[in-house]
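We did not get these values from a lab; they are worked out from the coordinates using the rules stated. Being a predicted model, the structure only gives us computed values, none of them experimental. Here the Cβ is made from the backbone with ideal geometry for all residues, glycine too, and neighbour counts use every protein chain on show.
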Amino acid sequence: MNIADIRTDYLLKTFDEKDLNQNAFVQFEIWFDEAIKAEILEPNAMTLASIGSNGYPAARIVLLKGIEPKGFEFFTNYESNKGQELLENNKVSLVFFWPELQRQVRIVGNAFKIAEDRSDSYFNSRPVGSKIGAHASPQSKVIANRAILEESLKKMEALFEEEPLLRPIHWGGYIVEPISFEFWQGRSSRLHDRFLYQLQIDNSWKIERLAP
């Protein structure tokens with residue numbers, strides 16, 4: 001198959017000025033709820049793009065774990081590549097893509113570590129295997145083979161048969177506080193509906209339609 005021949009004409013929905021909520025967070029929650037009701041596989045999966053020390057963007061999929069009044073929460077190893085990148089430059093972008101609804105949301109904002117008690121609370125809610133894995137894996141570090149990882153897991157499993165399984169200090173959450181949202185609804189003939197929300201000084205949102 002010729003890759004250039006792979007295409008879909010988006011006919012499912014429309015998105016017009018009359019559909020807009022004036023608050024970007026409310027508009028996101030409306031779309032997120034619709035993604036959940038559509039039974040999309042992992043509707044909370046989002047691309048997190050940060051800026052590497054080499055000046056190149058770095059992007060990966062992470063899972064949204066909370067929507068707070070100020071932003072979007074996710075959790076990771078603070079010593080991972082992404083953790084080091086956020087330490088040096090906390091400007092990030094998030095992208096949600098829900099192909100079943102022919103929708104995309106792009107978010108630009110700043111990432112900040114959340115309070116330790118909030119990280120503790122989420123860590124304690126995780127399955128035991130995931131909690132042990134956070135201790136066992138030196139995330140983003142070079143390892144010689146899979147056996148090293150599995151041996152580390154065994155050691156941690158044995159350790160936590162004797163010790164309380166607490167959150168490691170190098171693992172926790174971030175909140176991304178947005179300065180802009182872009183809502184994209186696929187439309188026929190690539191004439192998509194795009195609306196940009198930009199945060200203003202008074203915490204209102206300036207809304208503009210963008211050409212596709």
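Once R0 is set to 35 Å, what does the formula 1/(1 + (r/R0)^6) return for the Cβ-Cβ distance between Ala38 and Asn124, expressed as a FRET efficiency to the nearest 0.05?
0.70
Distance cut-off 19 Å, Cα to Cα: go down the list Lys65/Lys155; Lys70/Lys113; Lys113/Lys154; Lys65/Lys131; Lys37/Lys113 and report the pairs above it.
In this structure, Lys65/Lys155; Lys113/Lys154; Lys37/Lys113 lie more than 19 Å apart at Cα.
For the chain, what does the helix formula give at 222 nm: sum of -39500 (n - 2.57) over DSSP H segments with n ≥ 4, over the residue count, nearest 500 deg cm²/dmol?
Values: 5 runs with 55 residues, N = 212.
Helices in the chain give a 222 nm mean residue ellipticity of -8000 deg cm²/dmol.
Across 5 Å bins from the origin, how do the percents of Cα pairs in the stretch 100-212 run, short distances first?
2, 9, 13, 12, 11, 10, 10, 10, 10, 7, 4, 1, 0
Estimate the FRET efficiency between Ile67 and Lys141 by the formula 1/(1 + (r/R0)^6), using the beta-carbon distance for r and 30 Å for R0, to the nearest 0.05.
For Ile67 and Lys141, the calculated efficiency is 0.45.
Which of the listed residues, Tyr56, Tyr10, Leu20, is farthest toward the dipole's positive end in the stretch 1-72, when Lys, Arg count +1 and Asp, Glu count -1 at the beta-carbon?
Sorting the options by dipole projection puts first Tyr56.
Scan around Ser137 for amide H atoms under 5 Å from its own, H built in the peptide plane at 1.01 Å from N, and keep only partners 5 or more places away or cross-chain.
Answer set, sorted by chain and number: none.
Pulled fully out, how much extra length does the chain show between Ile201 and Glu29, if you take 0.36 nm times their separation in residues and subtract their Cα-Cα distance?
Details: separation 172, 0.36 × 172 = 61.92 nm, distance 2.25 nm.
Length gained between Ile201 and Glu29: 59.7 nm.
With charges only on Cβ, +1 for K and R and -1 for D and E, what is the dipole size of the stretch 1-113 about its Cα centre, in debye, rounded to 20?
300
Kindly write out, for the stretch 47-62 in residue order, the coupling ³J(HN,Hα) from the Karplus curve 6.51 cos²θ - 1.76 cosθ + 1.60 (θ = phi - 60°), rounded to whole Hz, with x marking Gly and Pro.
7, 10, 10, 10, 10, x, 5, 7, x, 8, x, 10, 10, 7, 8, 10
About the Cα centre of the chain, how large is the charge dipole given +1 on each Lys and Arg Cβ and -1 on each Asp and Glu Cβ? Please answer in debye to the nearest 20.
500
Please list, ordered by chain and number, the residues whose modelled amide H lies under 5 Å from the amide H of Gly66; skip anything fewer than 5 residues away on the same chain.
Amide H neighbours of Gly66, under 5 Å, 5+ apart: Glu73.
How much net charge surrounds Leu149 when only the other residues with a Cβ under 13 Å from the Cβ of Leu149 are counted, with Lys and Arg +1 and Asp and Glu -1?
Combined, the nearby Lys, Arg, Asp and Glu give +1.
Step through the residues of the stretch 85-93 one at a time and calculate ³J(HN,Hα) from phi using the Karplus curve (6.51 cos²θ - 1.76 cosθ + 1.60, θ = phi - 60°), rounding each to whole Hz and writing x for Gly and Pro.
5, 5, 5, 7, 8, 8, 7, 9, 9
Can you list the HN-Hα couplings for the stretch 21-34, worked out from phi with the Karplus curve (6.51, -1.76, 1.60; θ = phi - 60°), rounded to whole Hz and with x for Gly and Pro?
Values per residue, Gly and Pro as x: 8, 6, 9, 4, 5, 5, 4, 4, 5, 4, 5, 5, 4, 5 Hz.
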